[in-house]
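Trainee: Sharing a structure here in structure tokens format.
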Amino acid sequence: MNVLLLIDLQNDFMPGGSLAVSDADEVIPIANAMMKRVDLVVATQDWHPANHGSFASQHADCKVGDLIELAGLPQIAWPDHCIESTMGASFHPALNVDDIHHIIHKGTDPKIDSYSGFFDNGRRAATGLHHYLQTQGAIHLHVMGIASDYCVKFTVLDALSLGYQVTVDLDGCRGVELTPGDIDLAVQEMSKAGASVQT
């Protein structure tokens, strides 16, 4: 079974959003087209409580982009984004949500972040994605979305570690690139781990 895994195609990551990623809206028509070519479509959503510990606003004298500690792990301090049930957390309005079969919420625990669609950043709790994919007989995952150097990368690495075959569609990904070269490094890391990376 071929599965399309859409990562965080949410308003807050789009131009004008609170954590906007350059040209992120350009992946929406690519996602809509890909949904027609696979057996199953699963989408992830960042779904943060308003007091999430990854938000710079929750820490004294903390700026967006600072490196802090959360749950004993290094954590980049982000702007408030994708707060549960808000417009910012909603999918981009042009995304064909009727073609999505299942949605996974991540980052719901205020004490730890979850870049990956499978686990939190400490791999202490699962999101339910692996269990769902197993029940559907998923073998091959096509992964695309936001952001190449964070949530896409960590989802792909976890998928590979769980035994899935993974193809990353770079045309359908956009990255944050806090540091120049982050996207290229993420692509290299995914490829080295065994993902098929294609445009």
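Any read-out appearing in this document is the output of simple, stated calculations on the displayed coordinates, not a laboratory observation. None of the values given here were measured: they were computed from a predicted structure. We place every Cβ from the backbone using ideal geometry, glycine too, and count neighbours over all the protein chains shown.
Trainee: Go through ALA147, ALA125 for me and flag whichever is touching a Lys or Arg at 6+ places or on another chain (Cβ under 8 Å), closer than 22 Å to ILE68 by Cα and among the hydrophobic types (A, V, I, L, M, F, W, C).
Mentor: Values: ALA125 fails: touching a Lys or Arg at 6+ places or on another chain (Cβ under 8 Å).
The unique qualifying residue is ALA147.
Trainee: Considering only the stretch 1-13, state which residues are in a loop (DSSP other than H, G, I, E, B) and crowded, with 24+ Cβ neighbours inside 10 Å. Even if it seems obvious, please write down each step before you answer.
Mentor: Going through the stretch 1-13, the residues in a loop (DSSP other than H, G, I, E, B) turn out to be 1, 8-9.
Listed by number, the residues that qualify are ASP8, LEU9.
Trainee: Of the residues ILE100, ILE146, ILE112, ILE139, which single one is more than 23 Å from ASP12 (Cα to Cα) and not hydroxyl-bearing (Ser, Thr, Tyr)?
Mentor: Values: ILE100 fails: more than 23 Å from ASP12 (Cα to Cα); ILE146 fails: more than 23 Å from ASP12 (Cα to Cα); ILE112 fails: more than 23 Å from ASP12 (Cα to Cα).
Just a single option satisfies the conditions, and that option is ILE139.
Trainee: Within the set of pairs 6 or more residues apart or between chains, which connect a residue that is without any contact (Cβ under 8 Å) to a residue 24 or more places away in the chain inside the stretch 173-194 to a residue that is among the aliphatic types (A, V, I, L, M) with Cβ atoms less than 8 Å apart?
Mentor: SER191/VAL197
Trainee: For ARG124, all conditions in the list (1) within 13 Å of ASP8 (Cβ to Cβ); (2) out of contact with any Leu (no Cβ under 9 Å at 6 or more places or on another chain); (3) of a type in the set (D, E, K, R) hold save one; what is the number of the exception?
Mentor: Of (1) within 13 Å of ASP8 (Cβ to Cβ); (2) out of contact with any Leu (no Cβ under 9 Å at 6 or more places or on another chain); (3) of a type in the set (D, E, K, R), only one is false for ARG124: (1).
Trainee: Which residue out of GLY65, GLY53, GLY107 is touching a residue at least 40 places away in the same chain (Cβ under 8 Å) and under 16 Å from the mean Cα position of the chain (by Cα)? Write out each step before concluding.
Mentor: Details: GLY65 fails: under 16 Å from the mean Cα position of the chain (by Cα); GLY53 fails: under 16 Å from the mean Cα position of the chain (by Cα).
Checking each option against the conditions leaves just GLY107.
Trainee: If we scan the stretch 21-38, do we find a residue that is closer than 18 Å to HIS105 by Cβ, of a type outside the set (Phe, Trp, Tyr), free of Cβ contacts under 8 Å to residues at least 40 places away in the same chain and not in a strand (DSSP E or B)? Explain how you work it out, then say what you get.
Mentor: Going residue by residue through the stretch 21-38, those that are closer than 18 Å to HIS105 by Cβ are none.
No - not one qualifying residue is present in the stretch 21-38.
Trainee: Are any residues in the stretch 34-80 under 25 Å from GLY172 (Cα atoms) and out of contact with any strand residue (DSSP E or B) (no Cβ under 9 Å at 6 or more places or on another chain), and if so, which ones?
Mentor: LYS36
Trainee: If you don't mind, another one. What number goes with the only condition from (1) of a type outside the set (Gly, Ala, Ser); (2) out of contact with any strand residue (DSSP E or B) (no Cβ under 7 Å at 6 or more places or on another chain); (3) within 28 Å of ALA56 (Cβ to Cβ) that ASP98 does not pass?
Mentor: (3)
Trainee: Moving on to the next point. Assuming HIS52 fulfils every condition listed in (1) crowded, with 20+ Cβ neighbours inside 10 Å; (2) out of contact with any Phe, Trp or Tyr (no Cβ under 7 Å at 6 or more places or on another chain); (3) part of a strand (DSSP E or B) apart from one, which condition is it?
Mentor: Result: HIS52 passes all but (3).
Trainee: When only residues in the stretch 55-93 that are hydrophobic (A, V, I, L, M, F, W, C) and in a loop (DSSP other than H, G, I, E, B) count, which is surrounded by the most Cβ atoms within 10 Å (Cβ to Cβ)?
Mentor: Taking the stretch 55-93 and keeping what is hydrophobic (A, V, I, L, M, F, W, C), we get 55-56, 60, 62, 64, 67-68, 70-71, 73, 76-78, 82-83, 87, 89, 91.
From the residues that got through so far, the ones that are in a loop (DSSP other than H, G, I, E, B) too are 60, 62, 64, 71, 77, 82.
Working: ALA60: 4, CYS62: 14, VAL64: 14, ALA71: 15, ALA77: 19, CYS82: 25.
Step by step, filter the stretch 55-93, then rank; the result is CYS82.
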